[in-house]
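The values are calculated or read from the model by the stated rules, or taken from the named source; none is laboratory data. None of the values given here were measured: they were computed from a predicted structure. Note that we place each Cβ from the backbone using ideal geometry, even for glycine, and neighbour counts take in every protein chain shown.
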Amino acid sequence: MNIVIIGLGGIGSILCERLARYLTYSAERGTNLLLVDGDSYEAKNFERQDFTTMGNKAEVKAADLKMQFSGMNVSSFPAFVNETTLAQVIKEGDIVFMCVDNHKTRMLVSNYCRNLTNVTLISGGNDLIDGNVQIYVRKQGTDITPDLCSYHPEIANPDDKLPEEMSCEELAQSVPQLYFANLTAATIMCQAFYNAVVKEQYEKSEIYFDITKMTSIAQTRIVKN
Amino acid sequence: MARYKRETLEGKTVKDLRTLVVKLGIPGYTKRPKDTIIDAIMAKYGVVGSPSSAAIVKDGPAQVPPLTGIEATFQSSITKPSLQKRDRLSTTIQVSCGASAGRFPVAGQKVAVVGEFLREVLNVDKLSTGMVNGKEVDGDYILKAGDNLEFLKPAGKKGC
């Protein structure tokens, strides 16, 4: 099994450790884990992100995981994904976790996965107190669940930019986020992995959560023709 | 068919209202209190845009006509829970938006009207698409018993 985690910030830095623990001590041991991020950890990230040292996020987390879970085969790709690098990052049959902070990357990755024969894409995102997780499963060239854009025009036609397209000023602008919202998104993404990949259950492919209401709702989505 | 403003109805005597409710063919209200009779008349024959109906949809956009028909039903069923059970609708439909959900007496109502009314309750986005039983529908779709209505909530954006 090959797993790719794109984005190692608020959600991804939490998710990768939980996932690595599960993979190390389950039947899925021997899994290859690829961590992808072009950004670097800074002191200001300690508020929400799990890391031990400064440096490129993919490289720092890969080193952390190797130390913590010696049996894992972890590698890093220290760059942002874009149309050029996607093919280097995602291969046929991969399981992809997307923990990014912009819809343009979600759109690019989802559209790329639509051209693969077999792939599982689990994408999570949150605002301050709520968010969602989407599960896109494609098998033998057929969509088993809808891609990320099908029910989300804001992803299909994003009004934001890729990280590498943003100016220093734009990058410096941070939208307030809450660690617990990131944690909830990461937890639901782990649940999505267990159901979609381990149990092969695909009925519910979008999950919404709200930490102030202390609720989550899983929805069934029909594949559009 | 005549339409009534709440203020006009409130100016009538209970006796006049009981006569009117019979004339309008609304059964079961001849012995009910004045407010209940007015709610029942407004539910079926209320005027679109009357000030009292606009007050129900807080912060609704000015260009969207305020609700009328549905609002009295909601008032009776939700904001006046003390009413007798027979005065409430028994058919409720699961309505959700994001992680917010509830069962509401909206069978027979249009999706657009329900979205407008529940905008604040469920935090429904003004541009949100309605989905019934997993399929996208337009605002004129009339809800049936057993339907499951979801207003699509935009995806969370951050996480990095």
- Query: Somewhere in the range B:86-100, is a residue acidic (Asp, Glu) and either within 12 Å of another protein chain (Cβ to nearest Cβ) or part of a strand (DSSP E or B) (or both)?
  - Reply: no
- What number of residues within the range B:6-16 satisfy the criterion of being closer than 13 Å to B:Met42 by Cα, surrounded by fewer than 17 Cβ atoms within 10 Å (Cβ to Cβ) and among the charged types (D, E, K, R)? 2
- Item | Among residues of the range A:37-93, those that are charged (D, E, K, R) and touching a Leu at 6+ places or on another chain (Cβ under 6 Å), counted | 4
- Task: Report yes if A:Val223 is of a type in the set (Val, Ile, Thr) and in contact with a Pro (Cβ under 6 Å, 6 or more places away or on another chain), otherwise no.
- Result: yes
- Item | Subset of the range A:29-45 (residues that are of a type outside the set (Lys, Arg) and out of contact with any strand residue (DSSP E or B) (no Cβ under 9 Å at 6 or more places or on another chain)) | A:Glu42, A:Ala43, A:Asn45
- Message: Out of A:Ser123, A:Ser110, I need the residue that is out of contact with any strand residue (DSSP E or B) (no Cβ under 6 Å at 6 or more places or on another chain) and under 30 Å from A:Lys213 (Cβ atoms). Which one?
- Response: A:Ser110
- When every residue in the range A:53-78 that is in contact with a strand residue (DSSP E or B) (Cβ under 9 Å, 6 or more places away or on another chain) and polar (S, T, N, Q) is compared, the one farthest from A:Leu8 (Cα to Cα) is A:Asn73
- Query: For A:Lys161, are the conditions met, namely being within 22 Å of A:Leu108 (Cβ to Cβ), free of Cβ contacts under 8 Å to residues at least 24 places away in the same chain and of a type outside the set (A, V, I, L, M)?
  - Reply: no
- Note on the structure: The lone condition A:Leu15 fails out of (1) modelled with pLDDT under 95; (2) under 25 Å from A:Lys161 (Cα atoms) is (1)
- Query: If we keep just the residues of the range A:113-153 that are among the acidic types (Asp, Glu) and buried (at least 20 other Cβ atoms within 10 Å of the Cβ), which is farthest from the other protein chains (Cβ to nearest Cβ)?
  - Reply: A:Asp147
- Query: Filter the range A:1-60 for residues that are assigned to a helix (DSSP H, G or I) and closer than 18 Å to A:Ala79 by Cβ; which is farthest from the other protein chains (Cβ to nearest Cβ)?
  - Reply: A:Glu59
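Conditions tested, residue by residue: (1) surrounded by 19 or more Cβ atoms within 10 Å (Cβ to Cβ); (2) touching a Lys or Arg at 6+ places or on another chain (Cβ under 7 Å); (3) at pLDDT 80 or above; (4) of a type outside the set (S, T, N, Q).
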| residue | (1), (2), (3), (4) |
| --- | --- |
| B:Arg18 | no, no, yes, yes |
| B:Val21 | yes, no, yes, yes |
| B:Pro27 | no, no, no, yes |
| B:Lys31 | no, no, no, yes |
| B:Lys34 | no, no, yes, yes |
| B:Ala40 | yes, no, yes, yes |
| B:Val48 | no, no, no, yes |
| B:Val57 | no, no, no, yes |
| B:Ala62 | no, no, no, yes |
- In the range A:170-213, how many residues are closer than 17 Å to A:Gly131 by Cα, β-branched (Val, Ile, Thr) and surrounded by fewer than 17 Cβ atoms within 10 Å (Cβ to Cβ)? 2
- Query: Under 7 Å by Cβ, and 6 or more places apart or on different chains, what pairs join a residue from the range B:93-104 that is surrounded by fewer than 21 Cβ atoms within 10 Å (Cβ to Cβ) with one that is assigned to a strand (DSSP E or B) and among the basic types (Lys, Arg)?
  - Reply: B:Gln94/B:Arg103
- Restricted to the range A:39-73 and to residues being polar (S, T, N, Q) and under 15 Å from B:Cys160 (Cα atoms), the residue surrounded by the most Cβ atoms within 10 Å (Cβ to Cβ) is A:Gln49
